[in-house]
Structure formats: structure tokens, C-alpha cells
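What follows is a single structure, written as C-alpha cells, with notes after it.
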Amino acid sequence: MAESKLVKRNVKDSVFTNLFQHPKYVAQLYEALHPEVGVVPEDRIEIVTLKNILTDSIYNDLGFTVDGRLVVLVEAQSTWTVNIIIRGLMYLVQTYQDYIENEQLNVYGSSKLALPKPELYVIYTGEKKVDEGYITLSEEFFGGEQSALEVRVGVITDGEQGDIINQYVTFTKIYTEQLKKHGRTREAIEETINICKDENVLKEWTNVNKVDKKMRKNES
């Protein structure tokens, strides 16, 4: 019974995927990535995150389109690796394939396809020092030499004060500190939630979604 109350090992990932399965928060994420657009209504957002419920196919943390003209793929990563570029490429190819099938586009026809413009991001929440900016396939894998393919991934380690990215990153930092103090225990969860509520970090989401249960292993 004690084991059932341990914290999940992938808490940060679980919180990210649960938070951003809601169009409300995805819209806030898009606004944080593109502050020039202002407030974005939820109905302009369509979530296209890849799932592999019944198969061994690939899946990603978050994918969404905006007005059908932009496709944004975002990964949350607490362990740093430039392989995120390759994963991002794989996710993008699968997302485009799904889009083409859903829209019944003819890739063999003579007319140019209308595809949403891609943007790839990784939100890094680990303790290793990583610079914000962009990492590219050519620089990281081919020594800067250009090839037939280029992929660019935006690296984010924090957002602007109070925006949804900043709140998520702050949540992970608070949780990491509580994990160091209390280990993978329920106390670490409760302290994380209490501090977040006091500091107005993901406060509405934690209240609505009862995040303490989502952070624990499934109880039998």
C-alpha cells in the first residue's frame, strides 16, 4: 500500500501533457510564444497531439494548429539532449501525414499543397545550463554543413513573468526542490501544490484538476 502513494517518476511530463490537453491553456501557450498576436480565442486552436493508444507508433507531448495555417509542436524535456531535433522531425512528418489524410490532399497531384507552417519548440526544465535560442539539424549533427534537410527547434527555459510557460517552469522548479526535501512522497506533492497556490502558479488548473492524484501512481 505504501508503494501506491509514491510520486510518479515522470511528474513533469504528466503535468505538461495534462495541462496542455485543454485548449484554454494551449491558447495561452500560443500567446506566450507569439505575444504580438494578442489574445487568441480557444476556437482558433485545434489540438493535433499524436497518440499511440492501440499501436507502437510515435507520440509527442503537444501538437496544435492555429487557424489551419500554423502547426506548433512543443516538447517538455527535463533531461537535455539535442536528439530532440530528430524527434521533432519525426513528429512533424507524422503530423503532416495525418493532416494530409484528414484534409484528403493529393500529394501526387500537380497542384501545390496548402500546408500549415511548422514551428518546433522544446521547454527545458532540467538543472543543466542550456542557452535559449535555436538549435538546428545542420549545426548539431553535420558540423554546420548544409544538407537537403534543415530542422530548427526553439529552446525555451522560461517564459515571461506570469505567462503559462513561466508558470509551468516555476511549477517544475518548486516540485524539484520539494522532491529533494521529501523524496518521492505524498508530502512532496502536497507541499508543491500549497506553494504553487500561495504563489499563484497554475492555481486554477491545480484546483480544477486535483493535480495531487495525477502526480501519484495509480492506486489499486
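FYI, it's all coordinate maths here, none of it is from the lab. Keep in mind the model is a prediction, meaning the values are calculated, not measured. Methodologically, a virtual Cβ is constructed for each residue, glycine included, from the backbone with ideal geometry; neighbour enumeration extends over all protein chains shown.
Taking 0.36 nm per residue of sequence separation and removing the Cα-Cα distance, the HIS22/GLN104 pair yields an extension gain of 26.8 nm. In a simple Cβ point-charge model (Lys, Arg +1; Asp, Glu -1; nothing else charged), segment 3-160 has a dipole of about 340 debye relative to its Cα centre. Taking 15 Å as the straight-line reach from the Cα of LYS129, the aspartates and glutamates in range (excluding those fewer than 8 positions away in the same chain) are ASP158. Radius of gyration over Kirkwood radius for segment 3-160, both on Cα atoms: the Rg/Rh ratio is 0.98. A helix-only calculation puts the chain at -12000 deg cm²/dmol for mean residue ellipticity at 222 nm, using -39500 (n - 2.57) for each DSSP H run of at least four residues, averaged over all residues.
Protection proxy ranking of 167-174, 43-50, by the mean of other Cβ atoms within 10 Å over each peptide's residues and highest first, is 167-174, 43-50. Among TYR108, TYR59, TYR99, the residue with the largest mean-square fluctuation in a Gaussian network model of the chain, with springs joining Cα atoms closer than 10 Å, is TYR108.
Here the Karplus relation 6.51 cos²θ - 1.76 cosθ + 1.60, evaluated at θ = phi - 60°, turns the backbone of segment 16-27 into coupling constants of 4, 5, 6, 4, 9, 8, 9, x, 4, 7, 5, 4 Hz, with x for every Gly and Pro.
Of the trypsin sites (Lys or Arg not before Pro) found in segment 64-147, those in coil by DSSP whose Cβ has at most 13 other Cβ atoms within 10 Å are ARG69, LYS112, LYS128, LYS129. With a cut-off of 14 Å between beta carbons, the residues surrounding VAL122 carry a summed charge of -4, where Lys and Arg count +1 and Asp and Glu -1.
Note on GLU187 and GLU42: with the Förster distance fixed at 30 Å, the Cβ-Cβ geometry gives a FRET efficiency of about 0.25.
Note that segment 74-124, at 20 °C in a medium of 1.002 mPa s, gets a Stokes-Einstein diffusion coefficient of 169 µm²/s from its Kirkwood radius over C-alpha pairs. Modelled label positions at GLU199 and LYS51, each set 7 Å beyond Cα in the direction of Cβ, lie 3.4 nm from each other. A simple spin-label model places pseudo-atoms 7 Å from Cα toward Cβ; at ASP158 and ASP13 they are separated by 2.6 nm.
Pairs with C-alpha atoms separated by more than 24 Å, drawn from the list LYS8/LYS117; LYS24/LYS51; LYS180/LYS203; LYS12/LYS117; LYS8/LYS197; LYS51/LYS112, are LYS8/LYS117; LYS12/LYS117; LYS51/LYS112. In terms of packing, defined here as the mean over residues of other Cβ atoms within 10 angstrom, the peptides 16-23, 179-186 line up highest first as 16-23, 179-186. A cut-off of 5 Å between modelled amide H atoms, ignoring neighbours fewer than 5 places along the same chain, links LYS8 with ARG216, LYS217. For segment 76-149, the list of GluC sites (Glu not before Pro) that fall in a loop by DSSP and count at most 13 other C-beta atoms within 10 angstrom reads GLU103, GLU127, GLU132, GLU145.
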